[in-house]
Amino acid sequence: MILVSACLVGVNCRYNGEGNNHPDVLAYLKDKQWIPICPEQLGGLPTPRSPAEITNGDGADVLSKEASVVTQDGLDVSESFIRGAEETLHIAQLSRATEAILKERSPSCGSCQIYDGSFEGKKKLGSGVTATLLKLHGIQVRSEEDL
Ligand code: SF4
């Protein structure tokens, strides 16, 4: 079983109410078993919602409460991001998923890169909250850019 960021397969779950349909992802998933997940929705956040970035760290630092996920208007949404990661892990374990294809640079789903918390489009190395938790539990996480 493969978990897939729902926005990558056309679900309109992004912060701005849009999707991010990615033909290479759909081609990769053809004839495979997969489940679309949106950790931010699973964490209880609405769609649309304010964009959020991780400040002063990465997904691992958020999980250990040493960094925060903050919206552009200054609201700390770390608990929702952690809950979404835990719910996603629960689905992964129930479905015996071994692999995840997650949207790069998202504060939840980014597997190798995230935005740096400045809301200026600057990127840095690091993983989002859900990508980190899945990796910690042995799930192979890749992005749409790895396909
Ligand atoms: Fe897509 Fe992940 Fe953001 Fe949901 S949390 S919109 S699945 S990148």
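The values are calculated or read from the model by the stated rules, or taken from the named source; none is laboratory data. If you're wondering where the values come from, they're calculated on a predicted model, not measured in any experiment. Using ideal geometry, Cβ is built from the backbone for each residue, glycine included, and neighbour counts are taken over all protein chains shown. These accessible areas exclude ligands, DNA and RNA; they are computed on the full protein's heavy atoms, side chains included. Shrake-Rupley method; radii C 1.70, N 1.55, O 1.52, S 1.80 Å.
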| query | In degrees from 0 to 90, rounded to the nearest 10, what is the angle of the helix 78-94 Cα long axis to the longest principal axis of the chain? | reply | 20
| said: Apply the a/c threshold of 1.5 to the C-alpha gyration tensor of segment 1-139 and tell me whether it is rounded, prolate or oblate. | reply: prolate
| Of Ile139, Cys38, Gly57, whose Cα points farthest to the positive end of the dipole of segment 16-146 (charges on the beta-carbon: +1 Lys, Arg; -1 Asp, Glu; origin at the Cα centre)? | Ile139
| query | Does segment 73-147 come out rounded, prolate or oblate, given a ≥ b ≥ c as the square roots of the eigenvalues of its C-alpha gyration tensor, rounded meaning a/c under 1.5 and, failing that, prolate meaning a/b above b/c? | reply | oblate
| message | Report the Cα centroid-to-centroid distance between segment 8-40 and segment 57-115 in angstrom, as an integer. | response | 17
| field | Charge tally in the Cβ shell below 11 Å around Phe119, where Lys, Arg are +1 and Asp, Glu are -1, Phe119 excluded | value | -3
| query | Between Asp31 and Asn56, 0.36 nm times their residue separation minus their Cα-Cα distance comes to what? | reply | 4.9 nm
| request: Taking Cβ-Cβ under 4.7 Å as the only way to count a partner, pick out the unpartnered cysteines of the chain. | output: Cys7, Cys109, Cys112
| remark: Once normalised by the length of segment 42-126, the mean sequence separation of its alpha carbon contacts under 8 Å that are 6 or more apart gives a contact order in percent of 28
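In whole percent, how big is the carbon plus sulfur part of the accessible area of the chain, probe 1.4 Å, protein atoms only?
48
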| query | What accessible area per residue comes out for segment 24-69, rounded to a whole number of Å², with a 1.4 Å probe? | reply | 52
